[in-house]
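First the structure, in the form of structure tokens, and then the observations on it.
The values are calculated or read from the model by the stated rules, or taken from the named source; none is laboratory data. Note that the coordinates shown come from a computational prediction; the quantities given were computed from them, not determined experimentally. Please note: Cβ atoms are built from the backbone with ideal geometry, for glycine as well, and neighbour counts cover all protein chains shown. Side chains included, ligands, DNA and RNA excluded: accessible areas come from the protein's heavy atoms. Shrake-Rupley method; radii C 1.70, N 1.55, O 1.52, S 1.80 Å.
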Amino acid sequence: MRLRNIAGAREIIENSVFVMQDPSACRGRWREIFGNENPLAAEIGMGKGKFLMEMARRHPQVNYIGIERYSSVLLRAVQKMEEEPLANVRFLCMEAEEIETVFRTGELDRIYLNFSDPWPKDRHAKRRLPSAAFLSRYDRVLKAGGRIEFKTDNRALFDFALQQLETAGWKLEACTYDLHRDEKMREGNVMTEYEEKFVKKGNPICKYIIYR
């Protein structure tokens, strides 16, 4: 059975205090929602929440928002939060394309893209989260000086992502084709579920940090 088809997942999410039930009502109100003026970071395509929740533990002075489109995947993160509530974490069940409906201009400090769907067919290129189309959306919701961090084991997707930067007007701050052999870039690295599996297999992990 595929995760996205777990019976009852949607109902559990709709009743969870950790999931924002009216995402558009959050736009411009995130600091009010968290009750502080701390920086805001979002992970788009957060999966089961391992990365986001570990980041929240390590950096309690930052507020984290996890965005996941599939309710049955988000369910796993909700279950983890029920076991260990974190005051600086909230979840959204929504499509990444809608990001501008939940964040106002300059509201986010950082965006994380981890092991995103590669959408390998050329006709689906605009659906790739590091595409120029999405970079334009990110640019509008990130504050001046904000950063995007992208990790993947998919070399073709990473090469595509790098090619998109000039088109979209972004600049590289740091880049590696083998994160776990890069002493500087792996410092403080938090692994996702997928990353742990790929590293065990010996697959190199690519990563960049970009800015405008």
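Annotations for the structure displayed:
- For the range 89-106, the Karplus equation 6.51 cos²θ - 1.76 cosθ + 1.60, evaluated at θ = phi - 60°, returns couplings of 10, 9, 10, 10, 9, 6, 7, 4, 4, 8, 4, 6, 7, 10, 10, 7, 4, x Hz by residue, with Gly and Pro reported as x.
- Efficiency of FRET between R212 and Q21 - r from beta-carbon atoms, R0 30 angstrom, step 0.05: 0.40
- Partner aspartates and glutamates whose Cα lies under 14 Å from the Cα of K200, excluding those fewer than 8 positions away in the same chain, are identified as D153, D178.
- Estimated inter-spin distance, C175 and R29, nm [label 7 Å along Cα→Cβ]: 4.1
- Rg(Cα)/(2.2 N^0.38 Å) for the chain, N = residue count: 0.98
- Gained length - D122 relative to E193, 0.36 nm times residue gap less alpha-carbon distance: 22.8 nm
- Estimated FRET transfer efficiency when R0 is 25 angstrom, pair N203-E95 (beta carbons, to 0.05): 0.35
- Per-peptide packing, taken as the mean over residues of other Cβ atoms within 10 Å, places 68-77, 35-44, 162-171 in the sequence 68-77, 35-44, 162-171 from highest down.
- Residue-normalised accessible area of the chain, expressed per residue, 1.4 Å probe, Å²: 51
- Using just its DSSP H runs of length 4 or more, each adding -39500 (n - 2.57), the chain gives a mean residue ellipticity at 222 nm of -9000 deg cm²/dmol after division by all residues.
- Accessible surface of the chain, 1.4 Å probe, proportion on carbon and sulfur as whole %: 46
- Computed label-point distance, nm, for sites K184 and A144 using a 7 Å Cα→Cβ extension: 2.7
- Structure note, pairs K143/K171; K80/K143; K121/K197: Cα-Cα distances above 21 angstrom occur for K80/K143; K121/K197.
- Computed lengthening from E37 to L162, 0.36 nm per intervening residue step minus Cα-Cα distance: 41.7 nm
- Derived scalar couplings ³J(HN,Hα) [the range 163-173; Karplus, 6.51 cos²θ - 1.76 cosθ + 1.60; whole Hz; x for Gly, Pro]: 5, 6, 5, 5, 4, 8, x, 9, 10, 7, 9
- Electrostatic bookkeeping for Y208 treats Lys and Arg as +1 and Asp and Glu as -1; over the other residues with beta carbon under 9 Å from its beta carbon, the sum is 0.
- Projected area, mean over directions - the range 1-103, Cα convex hull, nm²: 6.1
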